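All remarks here apply to the structure that follows.
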Amino acid sequence: MSKISRRTVIKATAAGLALGASPLIWLGSEAQERPRIRYEASTPQGLAMLDKYARAVALMKTKGVGDPCSWVFSWFTHWVRSDSSKSAQIALLPEGQRPLASDMWNTCQNHGGQTTEDMFLPWHRMYVYFFERIVQMTLRDPSFALPYWNYTNPATASLPRPFISPASGSNSLWADTRNPGPNNGDPLRNLNLDALRQTTYSGFCATLDNGLHGNVHVAIGNSSRGMGAVPWAAGDPIFWMHHSNIDRLWASWNAAGRTNPTSFAWLSQNFVFANDACQKVVAKVGDFSSIATLGYTYDRLEPIPRTRLSSPLPYLGDSHAVVEKTLGPVELDGQAKRVELSPPAASSKALLGTRLKGLSGERKLYLAVDDLMSNTAPGVLYNIYLNLPDGTAPADLSPFYAGTINFFGAVMLDGASKMEAPALAFDVTDLVRRLNANGGLNDTVSVTVIPDGDVAADAKPMIGTIALVEH
Ligand SMILES: [Cu+2]
């Protein structure tokens, strides 16, 4: 058991008792304190927090795996490392530490198929929240707040300095499981805040998870033991700055007036975590729907882009909306892959140009990429282009660029009951219009998928369907 200060013990015991009765009482008293601010990681305040964070990570790494306030216990709460298994790791623990590990480990939502994709945001908000409390307790510093990493701002698209310098094991924030580019300070590329354009919660949650969130995981970490693979992701200290930012984007989306689910099923869902007394807490999604009652805020929220997307998820359910699609699954490897899309029925052939002229109001054309699956993490992002002329030089690809996909959530995990194969849709209205105006369409669309780096040999990534959809 970890050493904690007398003051923390008293506070935590009171919190524990209150929680037994109702989590609301505990969260309510929390909200009366002045909210802590989560700062952008590269600001002076953010860097000061990262200094504290580095000390906390080092301390947490010295604690035994079975201590719910240890580094590894937090990591395994997301998912247990894939060279072992949950049951094997639990068997190594002292008897008394097994029940909580059994309740908490491998609970990342919704990679195990336990709940629904709508739980991605609240589960990770709770995960970050309770981790932040454990860091506060570890440092005996209740003013600590986790900084966030704002990678979609080109000025801060490189890993924050303390994570890469010094580049050695003496730095508790450095990891040798990252891709060499980012770990040498290269900025992340092809990231955007398109998810914020979604108008429904389910569309927003899934687009953020499968899009920006997964792209950042894969861009930073390798697929064997790093951020690029779910079972290893939370072992890299940058994980928490990434998810602090994902949480900030959710808060931003809400601040612009977009609303969360109000269903009983969503609000009443419970998840198990450990509090800052390293003891079990049961947290309810309804208590984490808004950060206003959670005692923290952000130094800056993102403005919502003016152009909206009418939440095309689930886009392939309505077959009338499909303009053209692939005829079968698209198997990817280490090379560029080109596939032609075909109209679902012969009668609808040669309608793309007409359809473009007829697009009115909020209706748009989307490239839907559905049912992503992979044996193991391929370890690269794939960029998608429309009607790419043969032999286009790498420097000339951008006029044909439609979007970037990742297979972060597309691998069936050990111990998972099922998997929701990720899906994404990209607004390609302007791209298709431009290609059509340049005479580059001829009423057919071809899609080229190009890996942005080397693909792991045994990965075998596959896209179930690629379709052009009007919605
Ligand atoms: Cu994540």
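Rule-based calculations on the coordinates, nothing more; no lab input. In this text the structure is predicted, and so the values were computed from the model without any measurement. All Cβ positions, glycine included, derive from the backbone under ideal geometry; neighbour counts span all protein chains shown.
Fewest-first ordering of Asp83, Asp209 by other beta carbons within 10 Å of each residue's beta carbon gives Asp83, Asp209. Net charge near Lys280, counting Lys/Arg +1 and Asp/Glu -1 over other residues with Cβ under 15 Å of its Cβ? Combined, the nearby Lys, Arg, Asp and Glu give 0. Taken as Cα centroids, the range 411-471 and the range 211-286 sit 25 Å apart, rounded to the nearest whole angstrom. Computed from the alpha carbon positions, the gyration tensor of the chain leads to an equivalent ellipsoid with semi-axes of 40, 23, 21 Å, biggest first. Projection of the Cα convex hull of the range 319-470, averaged over all directions and equal to a quarter of that hull's surface, yields 9.8 nm².
Each Lys or Arg adds one and each Asp or Glu takes one away; over the other residues whose Cβ falls under 13 Å from the Cβ of Pro378, this sums to -3.
Average projection, convex hull of the Cα set of the range 124-192: 6.0 square nanometres.
With R₀ fixed at 56 Å, the C-beta to C-beta distance from Arg98 to Glu362 puts the FRET efficiency at about 0.60. Partnerless cysteines in the chain, where a partner means another cysteine C-beta under 4.7 angstrom, comprise Cys108, Cys205.
Among Trp250, Trp266, the ranking by other beta carbons within 10 Å of each residue's beta carbon, starting with the fewest, stands as Trp266, Trp250.
Between the helical axis of 239-255 and the dominant principal axis of the chain, each derived from Cα atoms, what acute angle in degrees is found, rounded to the nearest 10? Taking the Cα atoms of the chain, the angle to 239-255 is about 70 degrees. In terms of distances greater than 28 angstrom between alpha carbons, the cross-link table entries Lys63/Lys86; Lys86/Lys280; Lys325/Lys460; Lys63/Lys280; Lys61/Lys418 yield Lys61/Lys418.
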